[in-house]
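Accompanying notes for the structure given below.
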Amino acid sequence: MRDKIISLAKDCCADLVGFAPAARFDKNDPVFKLMPEVKTVIGLGFRVLRGVYRGVEEGSTYYQYTTMGVENMEETILPMALVRISQLIEEEGFTALPQRRHQQIMAESDGMNPEVDFSRIWRGVKAETQLNFEDAAVKCGLGELGLHGGLLTDEFGPFVRYCFILTDAELEPTQIKAPHLCDRCGECVRACPGHALDADGKRDDWRCAVYYNGANGTKNPFMPPNALADFDDRLDIIAGEAKIDREKAKAILRELYFYPPAQHAYQCSICGRACDVACYVHLEEKGLLTRGFKKKFREREPWQFNIEDFKTKE
């Protein structure tokens, strides 16, 4: 049955498959609230195509990362794989509970997911309604956590998305990977156009959302010179240096209508996950990724505009 699951997962575009016994999870973990009889958590990892990051890297096209790397993955590829593998498990006589990330539910009362419209998020929903996806991915042996809290994998670095299936079938576990990729170099911290990560990799989610959506004009080819004219510290915002709390973040986000969002409330990433890209470039340069390409991802110095271009409000 385990081999059947792996084979079908590969047919459904999964690049990584891992199995975690329920014993790896604390007794108070959400897995037991979601499915008290769970015996195995199955983790599925899917590469985000390296090419969809190229447009942002070159400043040429931006919608492909959001539509193909986020929206299509979360709304089509991952759910279809979850359904088909869950069907297989049911055909074997066991129960399967698919778990995809709900982008618009957050346990924190002031939480924020940079990938979606802040006004579409339901906050304060009990934590047991959703797994800790990063923790589950590590326990399923898909990869390790990087400094910025994202999953790093041997083949694809941080260019992955993942989902899970809870089942009452007992399946042979996958070994947890010993950390060996992240050297805490800080490239992810330095790459953020809004300084949303501190030195320890802790992320300010509201600040991240502002700059994920393109508030840094030096990295946003769609921002007009008179952008954010109603903000006294507009140049500091555009340079990524302003102080930003939750309410100010909302006010800025309401003004960032320079590029259209995707169809399912997903916001277009103007930063192109700069933290992940910097991490990937670092891992590639160190030769730590097991999947190679004929050309390096970053072939020239990253581009940016001059803050001087925004000093006019006209």
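The numbers here are math on the coordinates, done by the rules we state, and not lab data. No experiment lies behind these values; they were computed from the predicted model shown. Cβ coordinates were reconstructed from backbone atoms using ideal geometry, including for glycine residues, and neighbour counts include every protein chain displayed.
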If R0 = 35 Å, then Glu285 and Tyr63, at their Cβ-Cβ distance, give a FRET efficiency to the nearest 0.05 of 0.80
Under the Debye formula (equal points on every Cα, no solvent term), log10 I(q)/I(0) of region 162-273 at q = 0.14, 0.23, 0.24 Å⁻¹: -0.67, -1.29, -1.37
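Based on the Cα atoms of the chain, what semi-axes does the equivalent ellipsoid have, where each is the square root of 5 times one gyration tensor eigenvalue, given in whole Å with the largest first?
On the way: eigenvalues 260, 93, 58 Å².
Result for the chain: semi-axes of 36, 22, 17 Å.
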Karplus (6.51, -1.76, 1.60) ³J(HN,Hα), θ = phi - 60°, over region 69-85, in Hz, Gly and Pro reported as x: x, 10, 4, 5, 5, 6, 9, 10, 5, 5, x, 5, 5, 4, 5, 5, 6
For the chain, any Cys whose C-beta has no other cysteine C-beta under 4.7 angstrom counts as unpaired, and these are Cys12, Cys13, Cys140, Cys163, Cys182, Cys185, Cys192, Cys208, Cys268, Cys271, Cys279
Quick one: 3J(HN,Hα) in Hz for region 217-231, Karplus 6.51/-1.76/1.60 with θ = phi - 60°, rounded, Gly and Pro as x. x, 6, 10, 10, x, 9, 7, x, x, 9, 4, 6, 4, 7, 9
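Using Cα-Cα distances under 8 Å and only pairs 6 or more residues apart, what relative contact order does region 2-167 have, in percent? Could you put the intermediate results ahead of the total?
Details: 255 pairs, mean separation 53.0, N = 166.
Relative contact order for region 2-167 comes out at 32 percent.
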Distant alpha-carbon pairs in region 74-153 (separation over 16 angstrom), percent: 65
Using the alpha carbons of region 2-167, what is the convex hull volume per residue in cubic angstrom, as a whole number? 126
Spelling it out for Val17: with amide H atoms placed in the peptide plane at 1.01 Å from N, the residues 5 or more places away or on another chain with amide H under 5 Å from its amide H are Gly45
Could you work out the Rg to Rh ratio of region 117-197, with Rh taken as the Kirkwood radius (inverse of the mean 1/r over all Cα pairs)? 1.03
Proximal lysine pairs, region 2-167, alpha carbons under 25 Å, eight or more residues apart or interchain: 12
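Give me the one-decimal Kirkwood hydrodynamic radius in Å for region 211-314, with the sum taken over alpha-carbon pairs. Don't skip to the answer; put the middle values down first.
Working: mean 1/r = 0.0641 Å⁻¹.
By the Kirkwood definition, the hydrodynamic radius is 15.6 Å.
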Using the alpha-carbon centroid of each, what span in Å lies between region 225-293 and region 133-191? 23
